[in-house]
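So the structure is just underneath, and the comments pick up after that.
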Amino acid sequence: MKKRIVCLLTAVCVLIALTACGKGNVPAPTPTPATGSEQESVVPEQEVKAGVETVTVNGMELGMGLVMEEEAAAMDEDPDREIDRAVEPIKPVPDEMLDGTALTEDFYYYRSTLDATKQQAYDLLRAGMLKGEKKIAMTVPIDKSDIFTIYKMIIFDSPEMFWAEASARYWYNQANIVTFLEPKYNDLVNDIPGNTAKFEAAAEEALADMWSLSTDAERAKYAHDYLTHTIDYTFESAYNQTAYSAIVNGQTVCAGYAHAFQYFMQQMGIPCAYVLGYAQGGYHAWNLVLLDGDHYAIDVTWDDPLGATPDYYTYGYFNLTDVKMGEDHMRAEIAVPLPAAEGVICGFDGENYGTDFDAIVGYLPTTEDEVIDNPYLG
């Protein structure tokens, strides 16, 4: 595959450099360091090489990149403003797997790390973001030091919400309680129903094939092979921090690979997390997936080396333990508390190389279909 590379994004007020891979739509100026309690974590015990485009591992040139997250904060124009607290508990808005079954709370890995109050804020913001609300009034008391972390968790848990970006503005009162939050969206937000239909149509054939397979391990391998078979690692690709870029456009960077794999797994009813971290000195994203009761680490991006042909497959980063993945990957900040990848049963055995996509006769579930027996679904 022919693959190229680049970087991104702007900074306003309080700016924080962290996460995933790829680029945004605006060139990034030199970031202004945050101060005091608003300063985010930086790479521990290693140097982050800003602007690194590729690394070479075992003779393969692998995609890398840098994204700048924006956290812009300001005092509310009415410093004494009190939030209108929610009277009733805020109900979460779960996504659905392919057969229409609602995903349980366990599928939202980052949400599960929050306490009850922060989960309510998460649910409030996510409900607004799913509708593309431009400025969301807070009805849950959240300190300004916590709001951006909650916002990022929503992005990382929600691959289907491809119009939302990992940047936001928020306002707070004199007590440092956030009063409003303004998500940053790309232009896909202008037609959420239409673009969602396009996204789902582009994913339909792959999902139908995966649905027809017998085990979750087979579905994970199919998703891995499908993405490396159909995607070009392209730094200039549009919306490349999203699953949309991978599934609809077939061009993305590591964030797109990871969100696309996460989306496929969630549609199969398989718990899967988007993992934020560092690899070979640069910001990177990969996945954590639960198969047959054990967690595994998967880096689809690095199993799709630059210049590889569509029928070339490699499994050096498929279904690894954290110990093995940790040889050149390291989790960062909010991904550190995620479950450990310790599974060994579903690792690649070297025999089932590649996927004959034409040989699989896929089908989509109907409401009459019996749901796949899945111990992770309630």
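The values are calculated or read from the model by the stated rules, or taken from the named source; none is laboratory data. None of these values were measured; they are calculated from a predicted model. Ideal geometry is used to build each Cβ from the backbone, glycine not excepted, and the neighbour counts take in all protein chains shown.
Within the option set E160, E82, E133, E77, being farther than 30 Å from V289 by Cα, assigned to a loop (DSSP other than H, G, I, E, B) and in contact with a Phe, Trp or Tyr (Cβ under 9 Å, 6 or more places away or on another chain) holds for one residue only, E77. Within region 278-312, restricting attention to residues that are touching a His at 6+ places or on another chain (Cβ under 9 Å) and of a type in the set (D, E, K, R), the residue that is surrounded by the most Cβ atoms within 10 Å (Cβ to Cβ) is D304. Name the residues in region 62-85 that are closer than 23 Å to D115 by Cβ and at pLDDT 80 or above, would you? A73, E82, I83, D84, R85 - these are the residues of region 62-85 that are closer than 23 Å to D115 by Cβ and at pLDDT 80 or above.
Which condition from (1) farther than 27 Å from G256 by Cβ; (2) surrounded by 18 or more Cβ atoms within 10 Å (Cβ to Cβ) is the one that E160 breaks? Condition not satisfied by E160: (1).
For region 324-345, a residue qualifies if it is assigned to a loop (DSSP other than H, G, I, E, B), touching a Phe, Trp or Tyr at 6+ places or on another chain (Cβ under 8 Å) and farther than 19 Å from G293 by Cβ, and exactly one does: A332. Of the residues making up region 278-312, those that are farther than 21 Å from Y244 by Cα and assigned to a strand (DSSP E or B) are Y278, A279, G282, L290, L291, D294, H295, Y296, A297. Within region 327-349, can one find any residue that is among the charged types (D, E, K, R) and free of Cβ contacts under 8 Å to residues at least 24 places away in the same chain? Yes, region 327-349 contains at least one residue that is among the charged types (D, E, K, R) and free of Cβ contacts under 8 Å to residues at least 24 places away in the same chain. Just one of the numbered conditions (1) among the β-branched types (V, I, T); (2) buried (at least 24 other Cβ atoms within 10 Å of the Cβ); (3) not in a strand (DSSP E or B) is not true of V275: (3).
Pairing each residue of region 228-240 that is acidic (D, E) with any residue that is surrounded by fewer than 19 Cβ atoms within 10 Å (Cβ to Cβ), provided the two are 6+ apart or on different chains, yields C-beta distances under 8 Å for D232/K2; D232/G250; E236/R4; E236/V6. Taking region 313-323 as the range and being in a helix (DSSP H, G or I) and either touching a helix residue (DSSP H, G or I) at 6+ places or on another chain (Cβ under 8 Å) or buried (at least 17 other Cβ atoms within 10 Å of the Cβ) (or both) as the test, only D322 passes. Output yes when any residue across region 173-183 is among the charged types (D, E, K, R), modelled with pLDDT of 95 or more and in a helix (DSSP H, G or I), and no when none is. The answer is no, given that none of the residues of region 173-183 is among the charged types (D, E, K, R), modelled with pLDDT of 95 or more and in a helix (DSSP H, G or I).
Okay, residues lined up against (1) outside any strand (DSSP E or B); (2) closer than 27 Å to D294 by Cα; (3) in contact with an Asp or Glu (Cβ under 7 Å, 6 or more places away or on another chain); (4) not charged (D, E, K, R):
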| position | (1), (2), (3), (4) |
| --- | --- |
| R169 | no, no, yes, no |
| A220 | yes, yes, no, yes |
| E236 | yes, no, no, no |
| F264 | yes, yes, no, yes |
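Looking only at region 74-103, residues that are surrounded by 11 or more Cβ atoms within 10 Å (Cβ to Cβ), over 22 Å from the mean Cα position of the chain (by Cα) and among the hydrophobic types (A, V, I, L, M, F, W, C) come to 5 in all. Report, by residue number, each residue of region 139-149 that is crowded, with 21+ Cβ neighbours inside 10 Å and out of contact with any Leu (no Cβ under 7 Å at 6 or more places or on another chain). The answer is I142, K144, F148. Residues in region 217-262 that are under 10 Å from the mean Cα position of the chain (by Cα) and of a type in the set (A, V, I, L, M) were compared, and the one that is surrounded by the most Cβ atoms within 10 Å (Cβ to Cβ) is A258. If you go through region 275-301 and keep only what is within 9 Å of H329 (Cβ to Cβ), among the hydrophobic types (A, V, I, L, M, F, W, C) and modelled with pLDDT of 95 or more, you end up with V275, W286, A297.
Tallying residues that are at pLDDT 80 or above, exposed (fewer than 15 other Cβ atoms within 10 Å of the Cβ) and over 27 Å from the mean Cα position of the chain (by Cα) within region 354-378 yields 4.
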